[in-house]
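Notes to accompany the following structure.
Quick note: the coordinates plus some simple rules give every number you see, no bench work behind them. Just so we're clear, the structure is a prediction, and the values are computed from it rather than from any experiment. As a convention, Cβ positions derive from the backbone with ideal geometry for all residues, glycine included, and neighbour counts pool all protein chains shown.
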């Protein structure tokens, strides 16, 4: 997740655009001020060489790719359950998967909503994802049974990238296809022709001066490389609740499954002056953080997989989605 400074700086840029443009195109004077802020303050302060900012006008929410794939597979394979499929224990949906966590109750009752909303309360550790600790997503899914619990299931928010790897793998088992094939189908349907997933055959981790010699890609938790133009199509897909270029890729009713808070996150702040706008992020959707900034609904998610740092920020009621991307050499 992004540092406090990066979150504040991002909100400064977005807030300037929102308050000064009032939903219209950015005029040259405002563009000059934003460029000056990025070049002379943001980049030096973050020791970053580049920053990209994409703005798409209209309405909607941008959701996690893995969450989209999971609800697409579940809605197609279990149409009779409707949204209840998200709250049906995984063991009932896929008995053959031998899905097991560290205790019997958690193993028998964990659902896809639990995985995607970070509420399994299983200890989170990204280091194994970066150091060849697992041979495959199947291996990781098997070995999560040995991971310690942090709290009772659904009692607290516990961010866990490994659970997204598990969710992607299980979705593949339900569809009888690999997660990578499901993702490629989605990218094709969305016309994201310049996006790709990492592969073991790729030399994607051979970068000079990098401390880690090799990273096994777990595509359900950060293995997608996408261009700004392709991400614009992805955001339009969400702006139209599953429709893009006149084609309904995913039913609108299914897309709306993901816009309901699933758990409370313990993040809050208080104002120190009348002019200050406070960002509060009290809730989690499936794959996104939900909160408010200055009284407006605010939805975002960020990610870091060295040296790439990205962030999607949305103000649905203002009809302003943003995509921020930058390169950052050092690990956080």
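In plain terms, the chain from residue 225 to residue 317 could stretch by 30.2 nm, reckoned as 0.36 nm per residue minus the Cα-Cα distance.
In terms of its C-alpha gyration tensor, segment 100-161 has a prolate overall shape, because the principal axis ratio a/c (a ≥ b ≥ c, square roots of the eigenvalues) is not below 1.5 and a/b outweighs b/c.
Could you work out how far apart the two model spin labels at residue 327 and residue 245 are, taking each label as a point 7 Å from the Cα in the direction of the beta carbon, and quote it in nm? Distance between label points: 3.0 nm. If I take every Cα pair under 8 Å that is 6 or more residues apart in segment 64-260, average their sequence separation and divide by the length, what percent do I get for the relative contact order? Relative contact order for segment 64-260 comes out at 22 percent. Exposure proxy shown here: for 81, 186, the number of other Cβ atoms within 10 Å sets the order, fewest to most, as 81, 186. From the Cα gyration tensor of segment 64-260, with a ≥ b ≥ c the square roots of its eigenvalues, which class applies: rounded if a/c is under 1.5, or else prolate if a/b is larger than b/c, or else oblate? Judged from the Cα gyration tensor, segment 64-260 comes out oblate (a/c at least 1.5, b/c at or above a/b).
Here the simple spin-label model places points 7 Å from the Cα toward Cβ, and for residue 159 and residue 35 these points are separated by 3.3 nm. Residue exposure proxy: 196, 124, 273, ordered by other Cβ atoms within 10 angstrom of their Cβ from fewest to most, comes out as 273, 124, 196. For segment 65-99, the residues whose amide N sits under 14 Å from a probe point set 7 Å from the Cα of residue 260 along the beta carbon direction are 81-88.
Residue order for 115, 224, fewest other beta carbons within 10 angstrom first, comes to 224, 115.
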